[in-house]
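Only one structure is covered here, and it is reproduced in the block below.
The values are calculated or read from the model by the stated rules, or taken from the named source; none is laboratory data. Model, not experiment: these values are computed from the prediction. With ideal geometry, Cβ positions are generated from the backbone for all residues, glycine too; neighbour counts draw on all protein chains shown. Only protein heavy atoms, including side chains, enter the accessible area calculation; ligands, DNA and RNA are left aside. Shrake-Rupley method; radii C 1.70, N 1.55, O 1.52, S 1.80 Å.
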Amino acid sequence: MHFSDIQSCEALLRQRLPAALQPLLDDPPLQTLAWDFFRQHEVQVDVLRCDLLHPVISGNKWYKLKYNLVRAWQEQKTVLASFGGAWSNHLHALAWCAQQGGFASTGFVRGEELAANANPMLQDAARWGMQLHFISRTRYRQKAVQVSADTLLIPEGGDNPEGALGCTTLIPAGLAEKYAAVLVAAGTGCTALGIRLALPATSTLWVAPVLKAGGLENVWRQRLQQMQDAGTGPVQWWADAAGGGYGKVTADLLSFIQDFGNNTGLSLDPVYGGKAMQALCNRIRQQSVPAGTRVLFVHTGGLQGARGFQPGQR
Ligand SMILES: *Cc1c(COP(=O)(O)O)cnc(C)c1O
């Protein structure tokens, strides 16, 4: 799939998506954060509320899945399969999309000791008809699974070219031009890839990785170049955002999220958005964001996964 396919993919989605999924084709709402801290530093932070896109498939996962749905239609697949951890927002979204779109679905879940009743995320997925297979960490790492010919096997996190191209449509047309910088959290980096591909060269992309994979930045930059060899605008990679690593949540982070929520009314999840926003606030405090900067923060959702951080659940 290529850039040139985007318009026909969008048209096909408008035509073929069931009514329950049509609202996902609307633009996410935009919100300006009113907070003295931002005002004092003369930084404007607007939020693209992808978390409000849909009550079930919130956040960026829809954008990574939508052209995979198109591909499944085109290749006449009847099953959508993918990989994820026990709290995977991606598997959760895939299970719902598949059910609504008339596909069967399969989820390969990391950890053979788990079962469908292990947590509410897996319970939802099972309820939406996803066949769950619990596999050992070794098999998971190697992605050693076999699927039938009528299955579209989507990589972990929805991270394939279809996923990245879907994310080029995440920021509504004409909006990004208004911002000097766009901030997004990154797991696989697929969402950030799509955003950078679609951003004007005048906007800087700030990427806040949430895992401490040392090589990720280089691999990501190579992928960007492969998809856009003419070059793109600037990217800053904020390695410090990851803190202790994936899913590692400190008391400091939790209290930041709490205070931030009290001050702005915006809820953030502790695995992705909370870390990205904390990294931004640190930079504003250290005066490394110039006064007058307008920032667009992409709220990628994750609040269903955040159920995993309620006391006693993890
Ligand atoms: C999956 C997820 C991300 C990361 O997206 P990538 O495309 O893997 O970088 C960010 N935020 C939330 C809330 C997510 O669920």
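Descriptive notes on the structure:
- Extension gain for A180 to Q123 (0.36 nm times residue separation, less C-alpha to C-alpha distance): 16.4 nm.
- Pair-distance distribution of the chain: all C-alpha pairs, bin width 20 Å, starting at 0; shares per bin in whole percent are 33, 60, 7.
- With viscosity 0.890 mPa s and temperature 25 °C, the Kirkwood radius over alpha carbon pairs of the stretch 36-95 converts through Stokes-Einstein to a diffusion coefficient of 174 µm²/s.
- Cα-based helix-to-principal-axis angle, 216-227 vs the chain, degrees rounded to 10: 70 degrees
- Look at where the Cα atoms of the stretch 239-283 and of the stretch 50-114 average out, and the two centres are 26 Å apart.
- Filter on K61/K178; K178/K248; K77/K212; K64/K212; K64/K143; K77/K178 - keep pairs with C-alpha separation over 29 Å: K178/K248; K77/K212; K77/K178
- Ratio Rg/Rh, restricted to the stretch 1-117 and using Cα atoms, in which Rh is the Kirkwood radius: 1.08
- Counting only Cα atoms, the stretch 62-216 measures 47, 36, 26 Å along its principal axes, largest extent leading.
- Multiplying the residue separation of Q228 and S8 by 0.36 nm and subtracting their alpha-carbon distance yields 77.2 nm.
- Relative packing of peptides 26-33, 68-75 - highest average C-beta neighbours within 10 Å first: 68-75, 26-33
- Against the main long axis of the alpha-carbon atoms of the chain, helix 251-264 sits at an angle near 70°.
- Difference of contour (0.36 nm per residue) and Cα-Cα distance, E113 to T250: 46.7 nm
- Paramagnetic label reach from A20 (point 7 Å along Cα→Cβ; backbone nitrogen cut-off under 19 Å): within the stretch 89-112, residues 89-107.
- Kirkwood Rh and Cα Rg combined as Rg over Rh, evaluated for the stretch 174-234: 0.96
- Two-site FRET efficiency, Q146 against Q287, from Cβ-Cβ distance with R₀ of 41 Å, rounded to 0.05: 0.15
- Percent of beta bridges antiparallel (DSSP, the chain, rounded to nearest 5): 10 percent
- Rolling a 1.4 Å probe over the heavy atoms of the protein chains gives the stretch 168-248 an accessible area of 42 Å² per residue.
- Residue-normalised accessible area of the stretch 2-50, expressed per residue, 1.4 Å probe, Å²: 56 Å²
- By the helix-only formula, in which each DSSP H run with n ≥ 4 contributes -39500 (n - 2.57) and the sum is divided by residues, the chain has a 222 nm mean residue ellipticity of -10500 deg cm²/dmol.
- Efficiency of FRET between R294 and F37 - r from beta-carbon atoms, R0 22 angstrom, step 0.05: 0.90
- A straight line joining the Cα centroids of the stretch 15-33 and the stretch 138-190 runs 18 Å.
- Degrees between helix 61-74 axis and first principal axis of the chain (Cα, 0 to 90, nearest 10): 40 degrees
- What a 1.4 Å probe finds exposed on the stretch 8-160 is 47% carbon and sulfur by accessible area, rounded to a whole percent.
- Here, P(r) means the percent of Cα pairs in each 10 Å bin from 0 to the largest distance; for the stretch 190-314 it is 11, 40, 34, 12, 1.
- Carbon + sulfur, % of accessible area of the stretch 215-314 - ligands and nucleic acids excluded, 1.4 Å: 46 percent
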